[in-house]
Every structure is written in structure tokens, then in C-alpha cells.
1. Over 30 Å from P90 (Cα atoms) and of a type outside the set (D, E): which single residue out of K163, K183 fits that description?
2. Which ones in the range 20-53 are polar (S, T, N, Q) and within 20 Å of A124 (Cβ to Cβ)?
3. For the range 21-140, list the helices (runs of 4 or more DSSP H) that sit wholly inside it and hold at least 1 residues that are open to solvent by less than 40 Å² (accessible area, probe 1.4 Å), within 16 Å of R268 (Cβ to Cβ) and away from the ligand (no atom under 16 Å from the Cβ); which are they?
4. Could you tell me which of the residues L203, L232 is away from the ligand (no atom under 15 Å from the Cβ) and open to solvent by 30 Å² or more (accessible area, probe 1.4 Å)?
5. Which residue pairs have Cβ atoms under 6 Å apart, sit 6 or more places apart or on different chains, and have a first residue in the range 274-287 that is in contact (Cβ under 8 Å) with a residue 60 or more places away in the chain and part of a helix (DSSP H, G or I) and a second that is near the ligand (Cβ under 8 Å from one of its atoms) and hydroxyl-bearing (S, T, Y)?
6. Of the residues Y114, Y145, Y198, which single one is at pLDDT 95 or above, hydroxyl-bearing (S, T, Y) and touching a Cys at 6+ places or on another chain (Cβ under 9 Å)?
7. Kindly check whether there is at least one residue in the range 214-225 that is within 23 Å of T19 (Cβ to Cβ), over 16 Å from the mean Cα position of the chain (by Cα) and within 12 Å of the ligand (Cβ to nearest atom).
8. Filter the range 254-273 down to the residues that are open to solvent by 20 Å² or more (accessible area, probe 1.4 Å) and either touching an Asp or Glu at 6+ places or on another chain (Cβ under 8 Å) or assigned to a helix (DSSP H, G or I) (or both), then identify the one that is farthest from the ligand (Cβ to nearest atom).
Amino acid sequence: MDKYKHRLATLRKEKGWITENLYMYKGFWHQSGRRFSIEAVMAIQDTFKAHPTDIYLATMPKSGTTWLKALVFALVKRNQYKNSSISTHPLLVTNPHICLPSIEAEIFRNTPTYVDGVSPRLFATHIPYTSLPQSIIKSGCRLVYLCRNPKDVLVSMFHFTNKLRDKSLGLMTFEEAFKLFSKGIMNNGPYWDHVKVYHKISLEHPKNVLFLTYEDMTIDTVNIVKRLAKFLGYPFTKEEEANGAVQEIVKLCGFKNLSEVNKHGNVREGMPNDVFFREGKVGDWKNYLTNEMSRILDEITEEKFHGLDISF
Ligand code: A3P
């Protein structure tokens, strides 16, 4: 890791959210540290080997990663857990981030990982498309990108930050969060650039990249899960559909169930399970943004997403 740390001194630096600083690397902001960091991105670029059968889930933080992880894990593994008692399903006893790890959290691990020796390997990432290792881009594997209304991402990230931030940094105000977010300064941001590149790639390679929104997922979860299953090569049979298998997965991965399962415990030290479950709603931004803040973000979104079929 030290081999990457010395490169930080040469990079542009800005004020961070959870950590003190963010660094600009290949057009995107990254925090420094062990996980979900610029060091992790560099190590992944140098050493990570994708398999053609791998499945990747890509998101900006706070876009519904936890939900998507749960859904994809549950649907891909449904036959494995079909005959076990329902109480032993991993999603009923552990956090979706343990079931389906992020490569930025796994890369510096010395112990065997949950996905070793398993095919397909299921991984998530917040890494911008342009910084993904060549091995993922060239492997021909499938990737699902989930995006969410930037205003709800901002509000969600604001709360997440204040739950996890080092005490020495004090609490972040919402005005501060808004200023940084609207300037694109957030781990893996700018938000708009992150979304735009994955959206473009999904149009160019529809067999490999599926683009979804959190908002669509909340409106019609059953149909989105069916779409996901088909895209990933695990379509539901007529019999499964008739037996309510899709609805069962939707319920298992629903906010109500997962937030209850994850009331206690930790994903790892300093990362409580419950920090990933807050409101789980569309439009909570209305309770935080002033009209002026909302107008500014609308303007940026309109300008950045102009001509793109992305709606929330
Ligand atoms: P809110 O803070 O708006 O409630 P991520 O998983 O990318 O960190 O995103 C976290 C957001 O997804 C949080 O949003 C969280 O409440 C919401 N979320 C977590 N699990 C969910 C689920 N099963 N269904 C819907 N939303 C969920």
C-alpha cells in the first residue's frame, strides 16, 4: 500500500467527507486509506484479474448498492439456498456487503475471500468506469450499473458521513455537503461524470452492461428483478414465477426485512451494519434542500445529462 501512498503528494487535493482529504485521480475524487481509496483503485488497476464469468455491480456510493447486492446475491444463489431452511439464508443472518463484497474492500485482504473458488464471482465497485482495471473491461463479463437521483444521493451521503466521520473532523453541515457535492467533490465523484460514462457504455454494450435506476426499482421491483435475472443469465422459469419465487426474493431483500436483520453487528470494525439502512425512500431530499439548492442541482443535472435518457 505504501507503494501507492507516495503518489498522493503529486495529486490535487480537496476537503473530504468521511476522511480529511480527497485526491483527484484520472478525473475523479478518491479518499486515501485502506479501503474504498485511491490506493485500492491503484492496486486494483495493477493486480486485479477478472474472470469472464464474473458479475460486477457498479454504483456511486449511496445509490442503493446494498439493495442491489442483496437482490443479485439472492437471485444468482437461489438454487443453492432453495432447500435450506429459510432461516439459514445468508441474507437473514449477515449483511449484503459480506455476501457480495466490493473489490475496493477486498484488494488488501490477506485471508481467503467469500468469493474464492466460486463461479460466478459476484463483486461490487464504486470505481468510475475509466479507472476500472483493463481486465474487467476486456473480460466480457456482465456489469449492472445502478444510479439514483443526485439529490437523494446527497442527502443519503450527508447522513452516512456524519455517522462515520472521525470525531476530530466534527459534524458536517448540510450546507457544506451541498457545496462539495455540487462541485463534484465526493468519494468517486463527480456524481454526474460517474453516471454518464457508465450510461454511455451501457448503450454501446447492452449485452454486457445493464443500466438501472433506484427510482425504477422502487416502482416495479418485481419486473426489475426479472430483468436482472435474465440479463445475468439466471432467468426465472415459468414454474418459479408461478410459485412466487420473484416476490420471495423481493421480500427477502426489501428494506423492511434487511433493516431488521442488520439492526446490530458490524460489517467490519467501525462500520456498523445498520449504517446502510436509513429511510430507503425516493424523494427524502425534499426535507433537506432549499428551493435554491434544488434549482442549482437541477441546472447541473440538466446540463450534464442533456440529451441522455436518464430520468428519476
Ligand atoms: P437513504 O439514506 O436515502 O435511506 P448504498 O447501499 O449505496 O450505500 O445506499 C444506501 C441507501 O440505500 C440508503 O438510502 C438506504 O436506506 C437505502 N437502502 C438500503 N437498503 C435498501 C433496500 N433494501 N431497499 C431500498 N433502499 C435501501
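The values are calculated or read from the model by the stated rules, or taken from the named source; none is laboratory data. Keep in mind the model is a prediction, meaning the values are calculated, not measured. Ideal geometry is used to build each Cβ from the backbone, glycine not excepted, and the neighbour counts take in all protein chains shown. Areas reflect the complete protein model, heavy atoms only, side chains present, ligands, DNA and RNA absent. Shrake-Rupley method; radii C 1.70, N 1.55, O 1.52, S 1.80 Å.
1. On the way: K163 fails: over 30 Å from P90 (Cα atoms).
After ruling out the rest, the residue left standing is K183.
2. To start, the set of residues in the range 20-53 that are polar (S, T, N, Q) comprises 21, 31-32, 37, 45, 47, 53.
Passing the criteria: Q31, S37, Q45, T47, T53.
3. Details: elements: 38-47, 65-76, 78-82, 90-93, 96-99, 103-106, 134-139.
Hits in the range 21-140: 38-47, 103-106.
4. Values: L232 fails: open to solvent by 30 Å² or more (accessible area, probe 1.4 Å).
Unique residue meeting the criteria: L203.
5. Note: pairs meeting the criteria are F276/T66.
6. On the way: Y114 fails: at pLDDT 95 or above; Y145 fails: touching a Cys at 6+ places or on another chain (Cβ under 9 Å).
Within the list Y114, Y145, Y198, the selection yields Y198.
7. Our first condition is that a residue be within 23 Å of T19 (Cβ to Cβ); within the range 214-225, this holds for none.
No.
8. The extreme case among them is H264.
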